[in-house]
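Visitor: This is the structure I want to talk about, given as structure tokens.
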Amino acid sequence: MTRALTMTFKTADNKSKSVRVSDYQGDPDKAAVEAFMTALAGCKQFAKLGVNQFAVPGSAHAVDTESTEVYQYEAPEA
């Protein structure tokens, strides 16, 4: 099973931007995620062409994905 935490933000020009943390351990803690998102928005260190990319915290979603292999190509022996 693959785990990912996706956090979405609004940029200073009101576009959507997200940060994804893959393969995190444990259960995401609401207070810790909120603190991280607030700190990231407050640091104002990520700008592209003068536009803050993480201006306003939006939401966070934890996603657990299970993968099942359906097909795997096997090269013929030479």
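The values are calculated or read from the model by the stated rules, or taken from the named source; none is laboratory data. Values in this document were obtained by computation on a predicted structure and should not be read as measured data. Note: ideal-geometry Cβ built from the backbone for every residue, glycine included; neighbour counts use all protein chains shown. For the accessible areas, the whole protein counts, side chains as well, though only heavy atoms, and no ligand, DNA or RNA atoms are used. Shrake-Rupley method; radii C 1.70, N 1.55, O 1.52, S 1.80 Å.
Visitor: Give the lysines reachable from LYS48 as a straight Cα distance under 25 Å; neighbours fewer than 8 places away on the same chain don't count.
Guide: LYS10, LYS15, LYS17
Visitor: Mind checking the alpha-carbon convex hull of the chain and giving the volume per residue in Å³?
Guide: In the chain, the Cα hull volume divided by residue count equals 164 Å³.
Visitor: Please compute the length gained on full extension between VAL19 and LYS48, using 0.36 nm multiplied by the number of residues separating them and subtracting their Cα-Cα distance.
Guide: Answer, rounded to one decimal: 8.9 nm.
Visitor: Something else about it: Hey, for a label at ASP64 modelled as a point 7 Å past Cα toward Cβ, could you say which residues of the stretch 16-35 have their backbone N under 15 Å away?
Guide: Residues 23-29 qualify, since their backbone N sits under 15 Å from the label point.
Visitor: What ranking of PHE54, PHE36 comes out by heavy-atom accessible area, probe 1.4 Å, highest first?
Guide: Highest to lowest solvent-accessible surface, that is PHE36, PHE54.
Visitor: Only helical DSSP H runs with n ≥ 4 go in: add -39500 (n - 2.57) per run for the chain, normalise by residue count and round the 222 nm mean residue ellipticity to 500 deg cm²/dmol.
Guide: -6000 deg cm²/dmol
Visitor: Counting only protein chains, not ligands or nucleic acids, how are THR68, THR11 ordered by accessible area (probe 1.4 Å), most first?
Guide: Details: THR68 105, THR11 10 Å².
In descending accessible area the options line up as THR68, THR11.
Visitor: Put a dot 7 Å past each Cα toward the Cβ at GLU74 and ALA12; how far apart are the dots in nm?
Guide: Those two pseudo-labels are separated by 5.7 nm.
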